[in-house]
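> One structure follows; several queries about it will come next.
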Amino acid sequence: MNFFVNYFRNIKIKFKLLIGYTFIFVIATILGGSVIYFTVRDTIETNIESELTNATSTILNMVRTAASTSIKNHLKAVAEKNKEIVAGFYKDYKDGKITEAVAKNLSRKVLFSQTIGKTGYIFCANSKGIAEEHPNSGVAGKNFMNRNFVKHMMRMKQGYLEYEWKNPEDKFKKPKAMYMSYFKEWDWIITATSYRYEFKELIDISDFKDSILGLKYGDSGYTYISDSKGNILVHPFLKGNYYNKKDKNGNYFVRDICRQKSGKLTYAWKNPGDKTEREKMVIFNYIPEYDWIIASAVYHDEIYKPLVTIGHIFIATILIIIAFVSFASLGINRSVINPLKSLMSNLHEGASGNLKVRMPVRSKDEIGELARYFNDFMEKLENYSHNLELTIMEHKKSEKALKLSEEMFSKAFRSSPSGMFIATVNGTKIINVNDSFIKITGLSMFDIIGRELMTIRFFPHLQDGREIVKKISRRRQKPIEFKFLNSDGDKRIGMISAESVDVWGESCLLVAIEDMTEARQLEREILNISEKERQKIAMELHDDLCPQLIGIEVLIKILKEKLDKTSSAEADSADKIRSLILDSIDKTRQLSMGLYPINLAEKDFETSLEDLAGYIRDIFNIKCKLSYNITHNLEDNSIAGHLYYIVHEAVHNSVKHANAQSVNISLFEESGYIKLKIEDDGTGITGQIETKSIGMKIMQYRATRIGASLNIISDEPDGTVVELELSV
C-alpha cells in the first residue's frame with residue numbers, strides 16, 4: 001500500500017490529473033448507478049409484490065363472495081320454504097280445522113325435524129329478542145337482546161346476516177350465517193342458521209377457475225389454489241398432493257406454505273419445459289372456513305429483467321466517461337502544466353536573488369491569478385527588502401513609545417478617583433488595584449493582590465457576586481448598581497462597570513467602582529422631602545380649599561332659596577353655579593387623594609390600588625383595570641409604599657405622555673416572585689423621555705430600594721409595558 005502511495009506522490013501532475021479525474025468520475029458513476037439500480041430494484045420488487053398481493057386478495061374476495069352468495073341462497077330457500085309451511089298451518093287454524101296451539105305444535109315439529117349442514121338448525125324469535133321456538137329446550141323462552149347479532153335480527157326481521165358464534169362444546173368462536181323470514185301473524189322471525197364451513201360443498205370451483213388461471217405475472221407467473229394438506233385444487237399444470245415436495249436446496253417449501261397459511265416465501269422451482277430450477281417468489285393468503293390457500297407466484301429473473309438492461313447501460317457509460325476524461329486531461333495539461341513550469345523557473349530565479357523577476361499575465365483564470373499573486377509577492381518582497389533597514393530603526397522608536405504608553409496608563413490607573421482593579425477573566429484573580437479602591441473598601445494591598453475576588457469578603461452574598469461578575473463580563477454592559485462590604489463589614493452601595501484588556505497575553509477585566517452610598521442617601525432625603533411636600537399640598541387642598549368651596553356652596557344655596565322666593569330668573573343661574581362648585585369640591589378631593597392617596601395604616605394595599613384605579617377613571621375618563629392576586633402581607637411597610645408610587649408614576653406617564661385610553665394594572669405571584677405589570681395602549685414613550693424623565697429615574701430608584709428589577713418596554717406606537725419583579 002505504501003508503495004502505491006509513494007509512487008502516486010512522485011508521478012507527474014498531468015498523470016495525477018488523469019488518474020484523479022478518471023477515479024472521481026468512475027466512483028461518482030458507480031455510486032449514482034448503484035443508487036439507480038437498487039432504487040429500481042426496490043421499486044420493481046415493491047410493485048410486483050403489490051400486484052401479487054392485490055391479485056391474491058381479489059381472488060380471496062371472489063371466493064368469499066361466491067361462497068356467501070351460495071350460502072345465502074341456500075339458507076334463504078330453507079327459511080322461505082319453512083315460512084310457507086308455517087303459513088299453511090296458520091291457515092288451517094284460521095279456517096277452524098285445528099286450534100292455534102295445535103298449529104304451533106305442528107309447526108314446531110316440522111321446523112325442528114330439519115338439519116342444515118351438519119350442525120345447523122331452524123329456530124324462531126320474536127321482535128323483542130325472545131327465542132319463541134328453538135330445538136334446544138333450554139334456550140326457548142329466553143331473551144337474547146344483549147347479543148349484537150340478535151339486535152341486528154330485530155332491526156332486519158327479513159334477510160341475510162353473518163356473525164360469529166361459539167357452542168358450549170366449542171373452544172373458539174366460528175363464522176356463522178343465517179337467513180331470516182318474518183311471519184307477522186305470530187311475530188315469528190323464522191331463521192335458518194349454520195356454520196359457514198359446513199357449506200363447502202355448495203361452492204363450485206369451476207365457476208371461477210378460468211378467472212384464476214387467466215391471471216399472469218411476468219412471462220410465466222400464475223395463481224393457484226391448494227388446501228392446507230398440500231392438495232392442488234386449481235393450478236395451470238399441476239394436480240395431486242405436493243405436501244412433501246422439496247426444492248433444489250432441500251427445503252420443504254409446500255410444508256412451509258401449509259404451515260404459515262398467509263405470507264411470502266422464496267423457493268427454487270422448475271416449470272414444465274424449463275431446463276433448470278430458478279428462484280421463485282410466492283405470496284399466499286388463507287380462507288379458514290374452506291381450508292383453501294390462494295397463492296400467486298412469479299420467477300425472480302422475470303421480475304428483475306429490466307435491471308439487466310440498466311446494467312449494460314451502466315457499463316457502457318463508465319467506458320465512455322473514461323475515454324472522455326482521457327481526452328479532456330490532455331487539454332487541461334497544456335493549459336495548466338506549462339504555466340506551472342514557467343512559474344517554477346521564475347521562483348528558482350527569485351530564490352537566487354533576482355527580486356525583479358516577474359511573470360507575464362495572459363489570462364483571468366486561476367493561472368492568471370497565480371501569476372498576479374507571484375508578481376505581487378515579488379514586488380512586496382522587494383519592498384520589504386528595501387524597507388527592512390528602516391523597520392529596524394523604527395522598531396527602536398516603537399519600544400520607547402510603548403514604554404511611555406504603559407507609564408501613562410499606570411499613572412492614570414493609580415490617580416483615578418474611581419476605585420479600580422484588574423482581575424483575570426478566569427477565576428477573577430486580582431492582579432492590581434489603585435489607591436481609590438483601597439480607600440473605598442478599607443482593605444490593604446496585602447489583603448487583595450493575588451487573591452480571587454470571591455475570597456476577600458467583598459460581596460455580601462457570593463451568589464450575587466458571581467451574577468454581577470457574569471454581567472459586567474459581557475460586552476457593552478451598562479454600569480450596574482450593587483451592594484458591597486468595606487473592611488468594617490458595613491454595607492455600601494456602588495456602581496460597577498468593566499472593560500476587557502490584555503495583560504501579559506492573558507484576558508483580563510479592568511473594573512471601575514463608584515461609591516454611591518452618600519448619593520443614594522441624598523436621593524432618599526430628596527424623595528422624602530418631595531413626598532412631604534406632596535402630602536402638604538394634598539392636605540391644604542383637603543383642609544383649606546375644600547372647606548372654603550363648601551362654604552361658598554352653602555352661601556349659593558341660601559342665595560338660590562331667596563331668589564326662588566322672589567321668583568327671580570337668576571335662580572337657575574345660581575343653581576348652575578352651585579352645581580359647578582359641588583363638582584369642583586369633588587375634583588379637589590380627588591386631586592388631593594391623587595397627591596396623597598395612600599395611607600397603609602388605614603387601608604390595605606389592594607384597596608389603595610383600587611382607589612388609584614378609580615381616581616384615574618374619574619379624573620381622566622379612561623379605562624383603568626386592576627388585577628390583584630397575591631397572598632403575601634404588604635400592609636404598613638416601605639415595600640408597599642414604593643410599589644404604590646411606582647404604579648402611580650407609571651399610570652400618570654401613560655395618561656400624560658402616551659395619551660393612553662386604557663391601562664391595565666396586574667399584581668400577582670409566580671415562582672417565588674411578586675410581579676407587577678402596567679400595560680397601556682398609548683403611543684409609547686420616546687427614548688428621550690425614558691432616559692431623561694425625573695419620574696422614570698424615581699421609579700428606578702424605588703425599585704432599587706426594595707431590591708426589585710424594573711424593566712420598561714416602549715415601542716412607538718404600540719404602547720408601553722412597565723414590568724417589576726420582586727423576590728419573596
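The values are calculated or read from the model by the stated rules, or taken from the named source; none is laboratory data. Values in this document were obtained by computation on a predicted structure and should not be read as measured data. Neighbour counts run over all protein chains shown; Cβ positions are idealised from the backbone, glycine included.
> Can you tell me which of 117, 129 is on the phi > 0 side of the Ramachandran plot and within 57 Å of the chain's Cα centre (by Cα)? I'd like the intermediate steps shown before the answer.
On the way: 117 fails: within 57 Å of the chain's Cα centre (by Cα).
From the options 117, 129, the qualifying one is 129.
> Taking the conditions exactly as written (under 57 Å from the mean Cα position of the chain (by Cα) and in a helix (DSSP H, G or I)), does residue 382 satisfy them or not? Step through it out loud before you land on a result.
Working: under 57 Å from the mean Cα position of the chain (by Cα): no; in a helix (DSSP H, G or I): yes.
Judged against the criteria, residue 382 is not a match.
> Moving on. From (1) within 17 Å of residue 432 (Cα to Cα); (2) out of contact with any Phe, Trp or Tyr (no Cβ under 8 Å at 6 or more places or on another chain); (3) of a type in the set (Val, Ile, Thr), pick out the condition that doesn't hold for residue 511.
(2)
> Could you tell me which residue of region 529-553 is modelled with the lowest pLDDT, considering only residues that are more than 17 Å from residue 588 (Cβ to Cβ) and not hydroxyl-bearing (Ser, Thr, Tyr)?
531
> Could you tell me which of the residues 428, 424 is touching a helix residue (DSSP H, G or I) at 6+ places or on another chain (Cβ under 7 Å), surrounded by 15 or more Cβ atoms within 10 Å (Cβ to Cβ) and polar (S, T, N, Q)?
428
> Report, by residue number, each residue of region 146-177 that is loosely packed, with under 15 Cβ neighbours inside 10 Å and more than 15 Å from residue 191 (Cβ to Cβ).
146, 148, 164, 166, 167, 168, 169, 170, 171, 172, 173, 175
> Looking at (1) modelled with pLDDT of 85 or more; (2) surrounded by 14 or more Cβ atoms within 10 Å (Cβ to Cβ), which is the only condition residue 102 fails?
(2)
> Select, from 619, 585, 556, 598, the only residue that is of a type in the set (Val, Ile, Thr), more than 30 Å from residue 498 (Cα to Cα), at pLDDT below 75 and surrounded by 14 or more Cβ atoms within 10 Å (Cβ to Cβ).
Step by step, each of 619, 585, 556, 598 is checked, and only 598 is of a type in the set (Val, Ile, Thr), more than 30 Å from residue 498 (Cα to Cα), at pLDDT below 75 and surrounded by 14 or more Cβ atoms within 10 Å (Cβ to Cβ).
> Of the residues 484, 458, which single one is surrounded by 14 or more Cβ atoms within 10 Å (Cβ to Cβ) and part of a loop (DSSP other than H, G, I, E, B)?
Numbers: 484 fails: part of a loop (DSSP other than H, G, I, E, B).
One residue alone meets the criteria, 458.
> Test residue 214 against the stated conditions and say whether it is at pLDDT below 90 and at positive phi. Don't jump to the end; show me each part of the working.
On the way: at pLDDT below 90: yes; at positive phi: no.
No, not satisfied.
> Ok, one more. Counting only residues that are out of contact with any strand residue (DSSP E or B) (no Cβ under 7 Å at 6 or more places or on another chain) and either assigned to a loop (DSSP other than H, G, I, E, B) or closer than 24 Å to residue 727 by Cβ (or both), how many does region 611-660 have?
Let us first name the residues in region 611-660 that are out of contact with any strand residue (DSSP E or B) (no Cβ under 7 Å at 6 or more places or on another chain), namely 611-612, 614-615, 618-621, 633-642, 644-645, 648-649, 652-653, 655-657, 659.
Filter once more, keeping what is either assigned to a loop (DSSP other than H, G, I, E, B) or closer than 24 Å to residue 727 by Cβ (or both): 621, 633-642, 644-645, 648-649, 657, 659.
Matching residues across region 611-660 total 17.
Table: residues versus (1) part of a helix (DSSP H, G or I); (2) at pLDDT below 70; (3) β-branched (Val, Ile, Thr); (4) closer than 30 Å to residue 191 by Cβ.
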{"residue": "18", "(1), (2), (3), (4)": "yes, yes, no, no"}
{"residue": "30", "(1), (2), (3), (4)": "yes, no, yes, no"}
{"residue": "46", "(1), (2), (3), (4)": "yes, no, yes, no"}
{"residue": "60", "(1), (2), (3), (4)": "yes, no, no, yes"}
{"residue": "92", "(1), (2), (3), (4)": "yes, no, no, yes"}
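> Suppose we filter 222, 252 for residues that are buried (at least 18 other Cβ atoms within 10 Å of the Cβ), more than 28 Å from residue 195 (Cβ to Cβ) and not β-branched (Val, Ile, Thr); which single one remains? Show your work before the answer.
Values: 252 fails: buried (at least 18 other Cβ atoms within 10 Å of the Cβ).
222 is the lone residue from the list that is buried (at least 18 other Cβ atoms within 10 Å of the Cβ), more than 28 Å from residue 195 (Cβ to Cβ) and not β-branched (Val, Ile, Thr).
> Hey, another quick one. Could you please find all residues in region 149-167 being in contact (Cβ under 8 Å) with a residue 24 or more places away in the chain and on the phi > 0 side of the Ramachandran plot?
Within region 149-167, 157 is the sole residue that qualifies.
> Please determine whether any residue of region 282-300 is assigned to a helix (DSSP H, G or I) and under 17 Å from residue 46 (Cα atoms).
To start, the set of residues in region 282-300 that are assigned to a helix (DSSP H, G or I) comprises 300.
When the remaining residues are screened for being under 17 Å from residue 46 (Cα atoms), the result is 300.
Within region 282-300 (the criterion being assigned to a helix (DSSP H, G or I) and under 17 Å from residue 46 (Cα atoms)), the answer is yes, since at least one residue qualifies.
> Which one of the conditions (1) within 16 Å of residue 623 (Cβ to Cβ); (2) modelled with pLDDT of 90 or more; (3) surrounded by fewer than 19 Cβ atoms within 10 Å (Cβ to Cβ) does residue 675 fail to meet, given that it meets all the rest?
Of everything listed in (1) within 16 Å of residue 623 (Cβ to Cβ); (2) modelled with pLDDT of 90 or more; (3) surrounded by fewer than 19 Cβ atoms within 10 Å (Cβ to Cβ), residue 675 misses just condition (1).
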